[in-house]
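What follows draws every value from the coordinates through simple rules; no lab data is involved. A quick note: this is a predicted structure, and the numbers were derived from the prediction, not measured. Neighbour counts are summed over all protein chains in view; Cβ atoms, including those assigned to glycine, are modelled from backbone coordinates with ideal geometry.
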Amino acid sequence: MFRSIVRLGNALSLNKVCPRRHQRCALKYSTAAAERKKFYEDVSISQGEGGLFEINLDRRKLKTPGGKLFTVPNEALAIAVATEWDAQRETLKFYTMHMTTLCNTALDNPTQRDKDQMINAALKFLETDTVCYRVDEPHALVELQKNEWDPVLHWIENRYNITIGSSSSILGPEIPEATKDTFRQHLNSYNFWSLTGLEYVITQLKSVVLSLGMIDRHLSVEQAVLLSRLEEEYQIRRWGNVEWAHDYDMYELRARTAAGALFVQLSSESSTVKRKLLQD
């Protein structure tokens, strides 16, 4: 974690006790589950050309896996990314660095998609949305889905003046074109970076409804994750589970979902943080 952030000219430097260590290491990396030995001591951020913010590992500028200079649009997002790098200890655990991964995705755009393609991909989840698919037995699970999912479904229908509905048919509910058009217009209001984060959240929760409920702050991260796992949690309560595995999956999903939601909020922020102090 940051011990403190002190403004030095145009740079924000993290105070450390240890001296700087300079090593010749490429800053490209993979987000796979493999760990890598840490090769830097200090993490700092600086403002570069066009007002964009950069991440510095010792005196080297961070780059994306695609070789681009790693830059983010505002100071708050830069601080969030720098915190991830500063939190690493002896080994770099890239699979825990969700904010960094999302920035890399937005910068490199490895699938070369534009906003329209991203919106279409997100809307595909609406056709198979978790809260729209219902079981018709057992009765206890039917009631649980009704009691827990219906209020969220009614909220989003009222919030956006749309109709979604639910169904126990294998085909799911038939989503009206007017509903898709409304969501398409809403999603188009997001910038490319925010849309990258929102699509990430949707893929985690398998639900447009729950994702927008969380982004609009109608649901907390914990509530959205629990609702996305409602049937699984029901089966676990009924039949039991391997406790450590269940807890790990739950916390991992929470971490990814929270990171995606934070990324959406920070990448929507137009103003920079003028002065920030983060304490352990």
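Distance between the pseudo-spin-label points of Lys68 and Glu148 (7 Å out from Cα toward the beta carbon): 3.9 nm.
Listed cross-link partners Lys93/Lys206; Lys68/Lys115; Lys61/Lys180 are compared with a 32 Å cut-off, the Cα-Cα value being larger for Lys61/Lys180. Sorted on the mean count of surrounding Cβ atoms within 10 Å across their residues, most packed first, peptides 156-162, 257-263, 82-88 read 257-263, 82-88, 156-162. Here Glu252 and Gln185 are evaluated by their C-beta separation; at R0 = 25 Å the FRET efficiency comes out at 0.15. Would you please classify the overall shape of region 148-213 from the alpha carbon gyration tensor, given that a ≥ b ≥ c denote the square roots of the eigenvalues, rounded means a/c under 1.5, and beyond that prolate means a/b larger than b/c while oblate covers the rest? Taking the square roots of the gyration eigenvalues as a ≥ b ≥ c, region 148-213 is prolate.
Need one word for region 88-209: rounded, prolate or oblate. Basis is the Cα gyration tensor (sqrt eigenvalues a ≥ b ≥ c); a/c below 1.5 gives rounded, then a/b vs b/c decides. It comes out oblate by the Cα gyration axes. The shape of region 163-268 comes out oblate: with a ≥ b ≥ c from the C-alpha gyration tensor, a/c is at least 1.5 while a/b does not beat b/c. With unit charges on the beta carbons (Lys and Arg positive, Asp and Glu negative) and the dipole taken about the Cα centre of region 125-185, which residue among Leu171, Leu141, Trp155 sits farthest to the positive side? Among Leu171, Leu141, Trp155, the one farthest towards the positive end of the dipole of region 125-185 is Trp155. Applying the Karplus relation 6.51 cos²θ - 1.76 cosθ + 1.60 with θ = phi - 60° to region 54-70 yields 3J(HN,Hα) values of 10, 10, 10, 9, 6, 9, 9, 7, 5, 10, 7, x, x, x, 7, 5, 6 Hz, where x marks Gly and Pro.
With contacts taken as Cα pairs under 8 Å at a separation of at least 6 residues, region 179-243 carries a relative contact order of 19 percent.
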